[in-house]
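Contents: one structure, followed by commentary.
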Amino acid sequence: DAKTTQPPSMDCAEGRAANLPCNHSTISGNEYVYWYRQIHSQGPQYIIHGLKNNETNEMASLIITEDRKSSTLILPHATLRDTAVYYCIVRPPGTASKLTFGTGTRLQVTL
Amino acid sequence: DSGVTQTPKHLITATGQRVTLRCSPRSGDLSVYWYQQSLDQGLQFLIQYYNGEERAKGNILERFSAQQFPDLHSELNLSSLELGDSALYFCASSRRRDYPTGTDTQYFGPGTRLTVL
């Protein structure tokens, strides 16, 4: 699986957009980018995933660069409940496979 | 709520003992994964079952074992427990494929916190 690099921590004011970057320069052409988050010690929560195109769902948007070497997760209007550790994970498609979690980015949303 | 349930939520036991953690996957999901999260190791994959059969193994100790039953629930058995086994244990489930992308999104349960004294 491709390795990812994320900043260890970020701050964001409540109501503002949170933009979380992820570098995955060794990603293969068929590997997907997944984002999960973990709030305190709860189970990791799936947020979004994508291959080449930008994706949006009710939780977030995922912007993947054209060369696919990096991506950005965007929480459009961060709230205090978005405070969590965010994990960017690259994994191959098709068959079920493990998730390899790195250290993630600890996002702190403040008033 | 992911639809994945785990019991018990908390477990406190002594060194040398044996415990069983239980996971019920989301309705219709065939794959179950087990992960361990300790303070110094982060989230690590232990083992995966698909439709009752072991599919992949990660950093699972020989003292640990798992199985998936015909109703698709899974159990993780931890024996000869040591202090270092204290951790959060998560299970996740997925379908074989998420159409139309062909990927396989895993959904996690709330976890079992194991404390070994």
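The values are calculated or read from the model by the stated rules, or taken from the named source; none is laboratory data. Every value quoted in this text rests on a predicted model; they were computed, and no experiment measured them. Ideal geometry is used to build each Cβ from the backbone, glycine not excepted, and the neighbour counts take in all protein chains shown.
Some points to look at:
- In region A:45-111, counting only strands (runs of 3 or more DSSP E) that sit wholly within it, the ones holding 1 or more residues that are free of Cβ contacts under 8 Å to residues at least 40 places away in the same chain and touching a Ser or Thr at 6+ places or on another chain (Cβ under 9 Å) span A:45-50, A:61-64.
- Of the set (1) under 30 Å from residue B:6 (Cβ atoms); (2) surrounded by 16 or more Cβ atoms within 10 Å (Cβ to Cβ), all apply to residue A:12 but (1).
- Of everything in region B:18-47 that is small (Gly, Ala, Ser) and more than 9 Å from every other protein chain (Cβ to nearest Cβ), the residue that is farthest from residue B:4 (Cα to Cα) is B:38.
- Screening residue B:97 against (1) within 16 Å of residue A:91 (Cβ to Cβ); (2) modelled with pLDDT of 95 or more; (3) out of contact with any Leu (no Cβ under 6 Å at 6 or more places or on another chain) leaves a single unmet condition, (2).
- Criterion: farther than 29 Å from residue B:89 by Cβ and within 14 Å of chain B (Cβ to nearest Cβ) - qualifying residue of A:57, A:23, A:30, A:19: A:30
- Region A:66-90: number of residues that are buried (at least 19 other Cβ atoms within 10 Å of the Cβ) and basic (Lys, Arg): 1
- When residue B:76 is tested against (1) surrounded by fewer than 22 Cβ atoms within 10 Å (Cβ to Cβ); (2) under 14 Å from the mean Cα position of the chain (by Cα), only condition (1) is not met.
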